[in-house]
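The values are calculated or read from the model by the stated rules, or taken from the named source; none is laboratory data. Quick caveat, the model's predicted, so the values are computed rather than measured. Glycine gets a Cβ as well: all are built from the backbone with ideal geometry, and neighbour counts include every protein chain shown. Areas reflect the complete protein model, heavy atoms only, side chains present, ligands, DNA and RNA absent. Shrake-Rupley method; radii C 1.70, N 1.55, O 1.52, S 1.80 Å.
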Amino acid sequence: DARVTQTPRHKVTEMGQEVTMRCQPILGHNTVFWYRQTMMQGLELLAYFRNRAPLDDSGMPKDRFSAEMPDATLATLKIQPSEPRDSAVYFCASGLWGSNQPQHFGDGTRLSIL
Amino acid sequence: QQPVQSPQAVILREGEDAVINCSSSKALYSVHWYRQKHGEAPVFLMILLKGGEQKGHEKISASFNEKKQQSSLYLTASQLSYSGTYFCGTPRGGSEKLVFGKGTKLTVNP
């Protein structure tokens, strides 16, 4: 089965450090999503891309977060500088274009900022 | 706006049935359902579409009431493997952006 691949699976770092999370969407999927999951807020959409173009990043703190898709096989989410409140599980998901298409989630990056 | 799920948690014995509800204050055109096991990624179950078309899972059914702006997920003869947190998601503004409910934690015991 095709899967969304995320790296790293776990990341522990100190406050102020740069964090880069990577995602390889399923081949052929043209829409990529970044979500953050915490106990308090649940699953929140941070940003998403269609055909590598950013469509919406309104869920992301702009001053420290950035999301890019340098090519069709790689999406990145960066945090600089990181803060303890950024500790969460970050999921990437991919799918086909359209609101009636399922989203396929990667295994997530569990991020802890000390 | 975030859809509201109920109940927040339910505990069953294997073989029992459960219903999970998802309601929205805004008009719904479709509802997505996902299941997430502890420490794992959410997994797609099904999509309920306006007009009644359903795409998804074989052993779990669901309904979609457009007038009431709600969807219900029916798990019958529950199995241990059904344990997990169930999320409904509703597309925002007809786009691919999903707004997820806070989830319903289902525990199936032997």
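What are the residues in the range A:47-56 that are in a strand (DSSP E or B) and open to solvent by 20 Å² or more (accessible area, probe 1.4 Å), if any?
A:Arg50, A:Ala53, A:Pro54, A:Leu55, A:Asp56, listed by residue number.
Quickly run through the range A:102-111 and pick out the residues that are open to solvent by 10 Å² or more (accessible area, probe 1.4 Å) and either part of a strand (DSSP E or B) or more than 14 Å from chain B (Cβ to nearest Cβ) (or both).
The answer is A:His104, A:Phe105, A:Arg110.
One residue is enough: does the range A:1-12 have a residue meeting the conditions part of a loop (DSSP other than H, G, I, E, B) and within 9 Å of another protein chain (Cβ to nearest Cβ)?
yes
Looking at B:Gly103, B:Gly39, which is the one that is under 27 Å from A:Gln6 (Cα atoms), open to solvent by less than 60 Å² (accessible area, probe 1.4 Å) and modelled with pLDDT of 95 or more?
B:Gly103
Determine, yes or no, whether A:Ser66 is surrounded by 15 or more Cβ atoms within 10 Å (Cβ to Cβ), of a type in the set (Ser, Thr, Tyr) and more than 9 Å from every other protein chain (Cβ to nearest Cβ). I'd like the intermediate steps shown before the answer.
Working: surrounded by 15 or more Cβ atoms within 10 Å (Cβ to Cβ): yes; of a type in the set (Ser, Thr, Tyr): yes; more than 9 Å from every other protein chain (Cβ to nearest Cβ): yes.
Taking the combined requirement at face value, the residue satisfies it.
Restricted to the range B:7-16, and to residues that are of a type outside the set (D, E, K, R) and loosely packed, with under 14 Cβ neighbours inside 10 Å, which residue is nearest to B:Lys105 (Cα to Cα)?
Checked the range B:7-16; the qualifying residue nearest to B:Lys105 (Cα to Cα) is B:Ala9.
Could you check B:Arg92 against (1) open to solvent by 80 Å² or more (accessible area, probe 1.4 Å); (2) within 12 Å of chain A (Cβ to nearest Cβ); (3) touching a helix residue (DSSP H, G or I) at 6+ places or on another chain (Cβ under 9 Å) and say which number it fails?
(3)
Would you mind stating whether A:Leu55 is at pLDDT 95 or above and aliphatic (A, V, I, L, M)?
Spelling it out, it is not the case that A:Leu55 is at pLDDT 95 or above and aliphatic (A, V, I, L, M).
If you go through the range A:72-101 one residue at a time, how many are closer than 25 Å to A:Met39 by Cβ, part of a loop (DSSP other than H, G, I, E, B) and not polar (S, T, N, Q)?
2
Among the residues of the range A:77-93, count how many are β-branched (Val, Ile, Thr) and within 14 Å of chain B (Cβ to nearest Cβ).
Selection size over the range A:77-93: 1.
Looking at A:Leu114, A:Leu96, A:Leu74, can you tell me which residue is in contact with a helix residue (DSSP H, G or I) (Cβ under 8 Å, 6 or more places away or on another chain) and either surrounded by fewer than 20 Cβ atoms within 10 Å (Cβ to Cβ) or facing another protein chain (nearest Cβ under 9 Å) (or both)?
A:Leu114
Looking only at the range A:55-113, count every residue that is over 19 Å from A:Met40 (Cβ atoms) and not charged (D, E, K, R) and tell me the total.
The number of residues fulfilling the criteria is 29.
Going through A:Gly59, A:Gly28 one at a time, which residue ends up being within 11 Å of chain B (Cβ to nearest Cβ), in a loop (DSSP other than H, G, I, E, B) and either under 26 Å from B:Gly93 (Cα atoms) or open to solvent by less than 30 Å² (accessible area, probe 1.4 Å) (or both)?
A:Gly59
If you go through the range B:17-36, how many residues are closer than 16 Å to B:Gln79 by Cα and either loosely packed, with under 14 Cβ neighbours inside 10 Å or not hydrophobic (A, V, I, L, M, F, W, C) (or both)?
3
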